[in-house]
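Worksheet: one structure, shown below.
Please treat every number below as a calculation from the coordinates, not as lab data. It should be emphasised that the depicted structure is a prediction, and the values quoted were computed from it without experimental measurement. When we count neighbours, we look across all protein chains shown, and the Cβ atoms used for this are built from the backbone with ideal geometry, even at glycine.
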Amino acid sequence: MQEATATIISIGSELIDGMIADTNSKWIAKNLQSIGINVASIMIVPDTKEQIVSAVKTALSQSKILVMNGGLGATHDDLTRKALGEIFSIQWQYYISGAEKIKRAYSGYGNRDIPMEAYNQLMYPSEGKVLENDLGTAVSFSFTHDGKDIYVLPGVPAEMKAIVNNVVVPEIINKHDFGKYDVWMDWMLYGVTEEEVAKVIESLHDSRLKIGVFVEQGMIRVKISGPADYTDNMPEYVRHYYHQVQMSLSSWKYGEKGVKVEEIFILMFSTIPFFIVDNALGGTCVSLLKRQDCSFIVSGIVGINLSVISTESLSWLDSSYVIIELNWGNKDENSEQTYLNLVVTFSGSRFEEEITVAHSQTNIYERLSRMVLFKVLKWKPSLEMKETSINEHCG
């Protein structure tokens, strides 16, 4: 089985200037990794021929597969073809079938001549292959050089994604024997740092395993995969360390396969009325839940004391209910932490805890809100068990 590596290059000065976020590279990397391909590096380069040339040469020195996106349009700063032509001495030809699409695109501007530069979008290597772009006018293409596969895609996200899904991924799978990988673990964690997770999983140092730790807004995804033919023949020491990793991370687990904390929360509490009394975060908890599912019913009350909602006032509820109260903790100007007091009442039973987040973290309100939801998720089995015990006793 070959070791498959890829490099991704996103081209565009607007990405360097910060005008547009490079979401393409992240999406491409995720899709390549899903079929067992390691991404060696991701590069972002401006619309400068010299820098594109340098990036391509670096990419080909470290990877078997190169996926480029951007710089295929008809304006003066679309220089991807010029850079590739300089490196590989490419003989270009026009994809005649694409001319009609350009004519249709320009027909929307009234009766005007189509500039000849517009047809530059139709050029592809004479020894290459056109990758059909059903959503745009720029011709995408692929070619091979010294055993390296090069895919050149448009920078428009919708166009790029369609070509990757419909052409690039199937072609890579069919063309190369990279072997099949089984996913052993695909866990979502919260309340732990990336460094702490890395320290736990560093014991799994077997080169045949693919281990990824991905962080987004405090949520950590841990993905461990191994060759399909390795699962049943795993050495005992690897099996031991793998089970140790599972045990060490289980207290922070809230879900699997990229799901967000708020998604799991909505799923787990979809049949339980609950109230959020928010004296601290300005309704961010409710906003997270509503943003995920606008039909999810939650009563969010900002800026009042819990005493306003008494147990007696909820006597009309026939089933369980949850009240989440949020208040700022003791504030110390010299502290590097933000403190939040969390009180959860579940049908009369009460849990309380102090939550902290470092001042240096971004989106502190959202991080604290997700920590609140995570804590309640973790308490839910204990809360339900306590209520069951009370009901049995009363019965």
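Would you please report the Å³ per residue occupied by the convex hull of the alpha carbon atoms in the range 181-256? It would help to have the intermediate numbers written out before the result.
Working: hull volume 6.1 nm³, N = 76.
Enclosed volume per residue, from the Cα hull, is 80 Å³.
What base-10 log of the normalised intensity I(q)/I(0) is obtained for the range 114-239 from the Debye formula, alpha carbons as equal point scatterers, at q = 0.09, 0.11, 0.16, 0.19 Å⁻¹?
Those come out to -0.46, -0.64, -0.95, -1.05, one per q.
Starting from the Cα of Lys223, draw a straight line to each of the lysines and keep only those under 21 Å, dropping any in the same chain fewer than 8 residues away.
By straight Cα distance, Lys223 reaches Lys26, Lys30, Lys180, Lys199, Lys210, Lys253, Lys257, Lys260.
Taking neighbour counts of Cβ atoms within 10 Å as a proxy for exposure, in what order, fewest first, do Leu377, Leu326 appear?
On the way: Leu377 18, Leu326 24.
Going from least to most buried by this count: Leu377, Leu326.
If each of Met116 and Asn279 carries a label point 7 Å out from its Cα toward its Cβ, how far apart are those two points in nm?
Between Met116 and Asn279, the simple spin-label model gives 7.6 nm.
Each label point is 7 Å from the Cα along the Cα-to-Cβ direction; what then is the distance between the points at Glu194 and Arg350, in nm?
In this crude label model, Glu194 to Arg350 measures out at 4.0 nm.
Could you work out how much longer the chain between Asp17 and Glu256 gets when fully extended? Use 0.36 nm per residue separation minus the Cα distance between them, nm to one decimal. Intermediate values should be presented prior to the final figure.
On the way: separation 239, 0.36 × 239 = 86.04 nm, distance 3.52 nm.
Taking Asp17 through Glu256 to full extension adds about 82.5 nm, to one decimal.
Please compute, for the alpha-carbon atoms of the range 5-175, the extent along each of the three principal axes and give them in descending order in Å.
The principal-axis extents, from largest down, are 49, 36, 30 Å.
Check cross-link reach from Lys101 to the lysines: straight Cα distance under 25 Å, and skip same-chain residues fewer than eight apart.
Lys82, Lys129, Lys161
Provide the FRET efficiency to the nearest 0.05 for the Lys57-Asp134 pair, computing r from the beta carbons and using R0 = 35 Å. Write out the running numbers ahead of the final one.
Working: r = 32 Å, r/R0 = 0.91.
In this case the efficiency is close to 0.65.
Under the 0.36 nm per residue contour assumption, what length would be gained going from the current alpha-carbon distance of Gln246 and Lys175 to full extension? Could you put the intermediate results ahead of the total?
Values: separation 71, 0.36 × 71 = 25.56 nm, distance 3.52 nm.
So the chain would gain 22.0 nm between Gln246 and Lys175.
How much length would be gained if the chain were fully extended between Thr271 and Trp27, taking 0.36 nm per residue of separation minus their Cα-Cα distance, in nm to one decimal? Numbers along the way, then the final one.
Details: separation 244, 0.36 × 244 = 87.84 nm, distance 3.45 nm.
Working it through step by step, the gained length comes to 84.4 nm.
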